[in-house]
Amino acid sequence: MRETSRIPELPPVFPTAVHMLAAAASASPDREALVCGAERLGYEEYARCVAGFAAMLRAAGVRGGRVAVILGNSVDICIALLGAQAAGVQVAPVNPLLTEHELAPLLADIDAAAIVYDAALSELIEPLAQRLGVRCRFGVGAGEQSLARWRSTPASIGPDMLPRPESLALLLYTGGTTGTPKGVDLTHAAGAHGVAQLNSLVPARMEAERLLCATPLCHIYSIAVGMYNMLYCRGTLVILPRYAPEAVLDALEAESITMLAGGPTMFVGLLAHESLARRRFPHLRCSYSGSSALPEETLRRWELATGAPVLEGYGQTETGGGVVFNPLEGVRKPGSVGVPMAGVEVEIVDASTGNTVLPAGETGEIRLRGPQLMSGYRGRPADTAAVRRDGWLYTTDIGHLDADGYLYIVDRKKDMVIVSGFNVYPRAVEEVLYRHPGVLEAAVIGVADEYQGEALKAFVVPRPGSRIDAEVIVQHCRAQLAPYKVPRRIVLVAALPKTSVGKIDKKQLRGPDGA
């Protein structure tokens, strides 16, 4: 008998996220919308703040074009993102942790009409903005500089602040771990469809959810699964300014969290925390896992520790968030990222040409089709044409579908290593490494090898208190992998480098000090 979940049906779709906020403010004005530390906003207050900031942008002459938002996790970033959209401009969230070297080319590419930034970054942002000729600059901070200052004003989201669905809403930059970051254009309609599609597989209860977000709100994952998702169901978005295991565990208990948006590195860190065994999370219904592959062992241990399932999904910046998820109600398959959301088509094609659709069980490149995909890369028609072909988005990720339509991610096309003529996908080797009880984290890359062409090199973070060495890891791998898949070199490290959104940074591992 086939293990299948119900075919998802698409719930109602709003025109834009600003429409979602306006509807929530009208229907549930006093319901708690945003929480960040001691700061709490109801939906009517949230809408007033968005309308107030939108009016300020318009009064400053900012119409059309783009606004760069350089803010950390806060109430302010949510107001800034939606306020810019309500003002009729495309908003480009930028990570506030970037250096001047990283920030300068991004701001130049954005070509912003205005920059909204954390006032603490003034010495970094102001010279850059002046050099780029950005006249409208808004430093945001506590007190009078907070965008929450409109919470008690009579401001409201009027019809003139409701964007057109087909207009551009977001400009988000790819992580850049495999090259220069590219700006991804997403329309309002793409975001609105995306959150409705997410709810086709993981339905959020109306006015009942409290979602904890400790992942960066400048990233598509947190925007789609966190900010947009809570707007859609009139839930409460509980924001942590930064990730810290103790703070996450405290918030899960104190804020009666029902949903947690996380990623593999977060779950690994929480599982390693000494107080986890003493904690209780009676309200937690599920945890989302995104941004990168979740080892099966981590999934199993988190569900055992909390009593709530981890729903692993899959998406990219180019897909406007997730497109595939394990369902909350129905069959969840460990190791799989789930089934397509309502309205999403997934096919596996040959990795060399992308023209031949492969049957279930065969591995190839994943391509997608649906209403939430990007319009294209900003100012990069050739790059856009390379991945958007005949309505399909070619992801460069490698995977396969099983007979029930569940998708399994094998690895990134660019991460594949050819060892003695054999294709090796590092994720498969990493899964084996994670099964060793002494391994906390692991990453595998390919390095040049005179004999094999390429060889595997594994970086391993030992679990605290464990006693493992390179030979123990090699023997563990030999027992479970073909000889050519066993790493030639094991490097024990105290920690793995992470990108600004918490993914293991293999680009850094391949650098002069890594590979």
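Of all the numbered requirements in (1) open to solvent by less than 40 Å² (accessible area, probe 1.4 Å); (2) within 30 Å of Ala68 (Cα to Cα); (3) modelled with pLDDT of 95 or more; (4) of a type outside the set (Val, Ile, Thr), Ala214 misses one, and that requirement is (3). With (1) on the phi < 0 side of the Ramachandran plot; (2) in contact with a strand residue (DSSP E or B) (Cβ under 7 Å, 6 or more places away or on another chain); (3) open to solvent by 30 Å² or more (accessible area, probe 1.4 Å); (4) modelled with pLDDT under 95 as the list, and Glu329 as the residue in question, which single condition is left unmet? Every condition holds for Glu329 apart from (2). The helices (runs of 4 or more DSSP H) found wholly in region 1-117 and carrying at least 2 residues that are of a type in the set (A, V, I, L, M) and open to solvent by 40 Å² or more (accessible area, probe 1.4 Å) occupy 43-59. Inspection of region 182-191 identifies at least one residue that is closer than 30 Å to Leu393 by Cβ, basic (Lys, Arg) and crowded, with 17+ Cβ neighbours inside 10 Å. Per the conditions (1) open to solvent by less than 30 Å² (accessible area, probe 1.4 Å); (2) more than 25 Å from Leu172 (Cβ to Cβ), the sole criterion not satisfied by Leu407 is (2). Beta carbons closer than 6 Å, at least 6 apart along the sequence or on distinct chains, pair a first residue in region 21-50 that is in contact (Cβ under 8 Å) with a residue 60 or more places away in the chain with a second that is open to solvent by less than 60 Å² (accessible area, probe 1.4 Å) and polar (S, T, N, Q) for Glu32/Thr236; Cys36/Ser74; Tyr43/Ser28; Arg48/Thr153. If you go through region 303-312 one residue at a time, do you hit one that is in contact with a Pro (Cβ under 8 Å, 6 or more places away or on another chain) and not β-branched (Val, Ile, Thr)? Yes, because at least one residue in region 303-312 is in contact with a Pro (Cβ under 8 Å, 6 or more places away or on another chain) and not β-branched (Val, Ile, Thr). All of Ile157, Ile125 fail the test of being open to solvent by less than 50 Å² (accessible area, probe 1.4 Å), closer than 17 Å to Cys218 by Cβ and among the β-branched types (Val, Ile, Thr), apart from Ile125.
Restricting region 486-500 to residues that are outside any loop (DSSP other than H, G, I, E, B) and of a type in the set (Lys, Arg) leaves a set whose member that is least open to solvent (accessible area, probe 1.4 Å) is Lys498. Mind checking whether some residue in region 161-176 is among the β-branched types (Val, Ile, Thr), at pLDDT below 95 and surrounded by 15 or more Cβ atoms within 10 Å (Cβ to Cβ)? Taking every residue of region 161-176 in turn, at least one turns out to be among the β-branched types (Val, Ile, Thr), at pLDDT below 95 and surrounded by 15 or more Cβ atoms within 10 Å (Cβ to Cβ). Every condition in (1) open to solvent by 10 Å² or more (accessible area, probe 1.4 Å); (2) under 30 Å from Leu393 (Cα atoms); (3) at pLDDT 95 or above holds for Tyr221 except the one numbered (3).
The values are calculated or read from the model by the stated rules, or taken from the named source; none is laboratory data. The model shown is predicted, which means the values in this text are computed figures rather than measured ones. Because the Cβ atoms are built from the backbone with ideal geometry, glycine has one as well, and the counts that use them run over all protein chains shown. Please note that ligands, DNA and RNA were not included when accessible areas were found on the heavy atoms of the full protein model with its side chains. Shrake-Rupley method; radii C 1.70, N 1.55, O 1.52, S 1.80 Å.
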